[in-house]
Amino acid sequence: MASNATQIVDAPRYITPTTEELKASAYDSRNIEAALEALHQDGFVVLKSVVDVNHIENLNKYMAKDAEHMIRIKPFNQGVNSNILQAPPLKESDLLYDDVFFNPFVIQLMNAYLGSKPIWNFLTGNNALPKTNGLRQPVHKDITFWHPQCPFFVIANVPLCSFNPTTGSTEFWLGSHAHTAGTQQKIATRESKLANGKLVVGDPICDVLDDVVEARRKIRPPIQPSCEPGDIMLRDLRTWHAGMPNESENYRIMLALGYQAQWYPNHTLRVKLPLSQGNFFMKHGGQPVEVRADLLPDDANFVKLNDDFTFRRSVDSKL
């Protein structure tokens, strides 16, 4: 069977499931191969049409309404007044969908890319606010430590609306993950600040050095992918990216679920989930993934708790 992967030169690769794959909730070997090639070579791949669009629309409607409150209490992401972290609802059982939280195509590829039974231990979301023309984040990685130079963590982004340059599609630097290192990032000083995390003086901060960015631009400039509701983007955590202006009049929300390799020694990162929905989450949709979570009383502040995270090793040492 021919692969349904498509690629345009210097564009992201899209993996489109066949009718048979959708029925089986699993990719055939050709599409697995194509997706893994994209992750290893680009650090990024788009999985087309793997989530029920009705589920996406329901989540978007709820979260867009919730955003009106969130923008008054949340710090801006990466210090730019155009973007906030916004997690999905966790206590509303009618908004908990297996194809969002435990998507079988995502977990199949995570088992192949990261190794057997990857760990789901991270959950948040990202909202590019409307009419933020001209405001963009610096080119960065979501890593503030001396990280491994091999696959160890992947983010699955689930867009809740059309995702394109007009709505604030994230800028991705394809292939930047392959040889990137902490030495290419700015180094934290006592004056350095990060809105959604902690920094260690002498360790890297998120931002990539300006001269490194410009050198990379000459080799392979960045892209802004286009996706539709029902698609999922997979990004190796090492891949450079930047939030971009949302020129539309609507919120551009996407969810972010994080998967960690079993060998990687971060033993403390845990997603915080409501005890009332423990049965849903701990059944993990019957998928081969470890749910590493703390089940807490329903009145816990899950937004604040899930914003406090680090991908750093539990016992860190510089590479």
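Only the coordinates and a few stated rules stand behind these numbers; no lab work does. Only a predicted model underlies this, so the values are computations on that prediction, with no experimental measurement involved. Don't worry about glycine lacking a Cβ; one is built from the backbone with ideal geometry, like all the others, and counts go over all protein chains shown.
Observations on the structure shown:
- With K and R counted +1 and D and E -1, the other residues having a Cβ less than 14 Å from that of E92 yield a net charge of 0.
- For the chain, built as a Gaussian network whose Cα springs stay under 10 Å, the top-fluctuating residue of R217, R238, R252: R217
- In this structure, the residue pairs whose Cα-Cα separation is over 31 Å, taken from K65/K117; K61/K272; K48/K131, are K65/K117.
- Around the amide H of G125, modelled in the peptide plane, lie the amide H atoms of Q86, A87, A256, all under 5 Å away and 5 or more residues distant in sequence or on another chain.
- Stokes-Einstein D for the stretch 24-165, Kirkwood Rh over Cα pairs, 20 °C, 1.002 mPa s (µm²/s): 124 µm²/s
- Counting neighbouring Cβ atoms within 10 Å and putting the fewest first, the residues M244, M110, M70 line up as M70, M244, M110.
- Footprinting exposure proxy for H140, H241 (fewest neighbouring C-beta atoms within 10 Å first): H140, H241
- Among T19, T180, T189: highest mean-square fluctuation, GNM of the chain, C-alpha pairs under 10 Å: T19
- Converting phi to 3J(HN,Hα) with the Karplus coefficients 6.51, -1.76 and 1.60 and the offset θ = phi - 60°, the stretch 223-239 yields 9, 10, x, 10, 9, 10, x, x, 8, 9, 9, 10, 10, 4, 4, 7, 6 Hz in sequence order, with x at every glycine or proline.
- 222 nm mean residue ellipticity, helices alone, for the chain (DSSP H n ≥ 4; -39,500 (n - 2.57); rounded to 500): -6500 deg cm²/dmol
- Summarising the amide proton neighbourhood of G43: residues at separation of 5 or more, or on other chains, whose placed amide H is nearer than 5 Å comprise G175.
- Taking all Cα pairs closer than 8 Å and separated by 6 or more residues, the relative contact order of the chain comes to 27 percent.
- Whole-Hz Karplus values for the stretch 36-51 come out as 5, 4, 5, 5, 6, 8, 10, x, 6, 7, 10, 9, 7, 6, 10, 10 Hz, taken residue by residue from phi with 6.51 cos²θ - 1.76 cosθ + 1.60 and θ = phi - 60°; glycine and proline positions read x.
- Rg over Rh for the stretch 134-286 works out to 0.98, both radii taken from alpha-carbon positions and Rh defined as the Kirkwood radius.
- Length gained on full extension, T183 to V200: 4.7 nm, using 0.36 nm per residue less the C-alpha separation.
- Part-to-part distance (alpha-carbon centres) for the stretch 99-156 and the stretch 283-307, which is given in Å: 16 Å
- Note on the chain: Cα Rg divided by 2.2 N^0.38 Å, N the number of residues, gives 0.94.
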